[in-house]
Amino acid sequence: MTRLGFAGMSPRRRVLGLVGTACWLAATGCEGPAPPPSRSRPATVAGQGVKTLELIPAPKLEADLDFVKGAARIQAGLDTIRVLVADPSATSQAELVRQGLKRAPGYLLVEAPAEPDAELAAAVGEARAKGVAIVALGRSLGGPEGGPGREIVVAPRPFAESAKEIVGLAVRNAGNGKVDPKSGAVILAETPSDPLIGDRIAALKDALKAAGVAEVGELRTGRDSEAAQAALLDFLKAHPGTNLVIAADGVGVQLAEDVAGAVQDDRAFVIAGYSPDESGSRSQVQVGEYAAIGIYAPDRLVRKGINVAAKLLRGEKVADRVEIENSVMASPVESGLAKGRPATAPKKPVAPE
């Protein structure tokens, strides 16, 4: 079975359904597929007064880009602006920034890539030197200081605080379940994922080290769920001291629960981590299936960036840094090990009439 998702998110029909709602709320902000940058329309649509913002995502797969477009258009509809989403697979982010400068939109929204990009930093510096304000998603894009153009960073709060809380609750639940929480842990992450996956992994590793966990492994899995389950099972067999399974994204949380159901009492462990699915995770946390879930949703970061850029377009004051909270949901104090999803019994064949 192939798993569809974006940075740990549920199947994209959830987002596409919301896009329809956004269109109903404000049709002026909800467009069809964005044209290539060379065919982008001017910042103000003649006769309508609807301003346009350009969003330059980090490189990602086409399915993931669809999520970004959907999130951007939802917020555009709410803020009554238009958003043109560039295609980072067609050319580099640096070149997309320079193309945006030729249209002189006044504001560019740029998603920071997973790793620093010197050419992108240089292009951003050129934009700021020309008075263009840059809204950076995730982290600062770097580049020369100064210039009339500002850089406004829209980012989640540093993950260190939420990771410490997640790990602390996982350690507690392991103790309740009569297993040694310090003997070992594994951090799960989907590949490819959002550009901040590395930050969450690093924060979780630091928190596990601070908690005294002796051995911390890392398991990156692809988008085929059966292969991912096999990889985690193999890891657990090779590392029998792994009692904490901590996910850096929602796909990892689902993977851990699937495997917990497969091993049952023979190899029980604690599940915790980050997920974008607040409503779905809440029930599992409340019953103690998950020790703790930190909420981080990449689409919320995109939407917050759109909202901040819309405020700039309206001439409102905006701080140089705008942060999104990463709230942590905690399981009840008596919670222990995960039980996992029960295996689905095969259906009996129906006899023909």
At 4 °C and 1.567 mPa s, the Stokes-Einstein diffusion coefficient in µm²/s for the range 153-231, with hydrodynamic radius from the Kirkwood sum on alpha carbon pairs, is 94 µm²/s
In order over the range 294-311: 3J(HN,Hα) from phi, Karplus 6.51/-1.76/1.60, θ = phi - 60°, whole Hz, x for each Gly or Pro, gives x, 8, 9, 10, x, 5, 5, 5, 4, 5, 5, x, 4, 4, 5, 5, 4, 4
Sequence order, the range 332-340: Karplus ³J(HN,Hα) from phi using 6.51 cos²θ - 1.76 cosθ + 1.60, θ = phi - 60°, Hz rounded, Gly and Pro as x, gives x, 4, 8, 5, x, 7, 6, 9, x
For the range 93-183, what is the accessible area per residue in Å², given a 1.4 Å probe and the full set of protein chains? 42 Å²
Hey, any idea what % of the range 180-225's accessible area is carbon plus sulfur with a 1.4 Å probe? 51 percent
For q = 0.12, 0.16, 0.18, 0.22 Å⁻¹, Debye-computed log10 I/I(0) when each Cα of the range 57-183 counts as one equal scatterer: -0.57, -0.83, -0.97, -1.31
Euclidean distance between Cα centres, the range 132-200 to the range 268-329, Å: 11 Å
Per-residue HN-Hα couplings for the range 138-143, Karplus 6.51 cos²θ - 1.76 cosθ + 1.60 at θ = phi - 60°, whole Hz, x for Gly and Pro? x, 6, 4, 8, x, x
Classify the range 225-318 from the C-alpha gyration tensor, please: rounded if a/c falls under 1.5, else prolate or oblate depending on whether a/b exceeds b/c. prolate
Show the residues, 5+ positions off or on another chain, whose built amide H is closer than 5 Å to the amide H of Gly217. Ala185, Val186, Ile187
Point-to-point label distance, Arg157-Glu119, nm (Cα→Cβ direction, 7 Å offset): 3.8 nm
Non-local amide H neighbours of Glu111 (under 5 Å, H modeled in plane, Pro and chain starts lacking H): which ones? Ile56, Ala58, Leu137
I need to check one value: relative contact order of the range 54-205, counting alpha carbon pairs closer than 8 Å and at least 6 residues apart, in percent. 19 percent
If each residue of separation counts as 0.36 nm, what is the full-extension length gain between Lys317 and Ser279 once their alpha-carbon separation is subtracted? 10.4 nm
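The values are calculated or read from the model by the stated rules, or taken from the named source; none is laboratory data. What you see is a predicted model; the values in this text were computed from it and never measured. No Cβ is skipped: glycine too gets one built from the backbone with ideal geometry, and neighbour counts run over all protein chains shown. All accessible areas refer to the heavy atoms of the entire protein, side chains included, with ligands and DNA or RNA removed. Shrake-Rupley method; radii C 1.70, N 1.55, O 1.52, S 1.80 Å.
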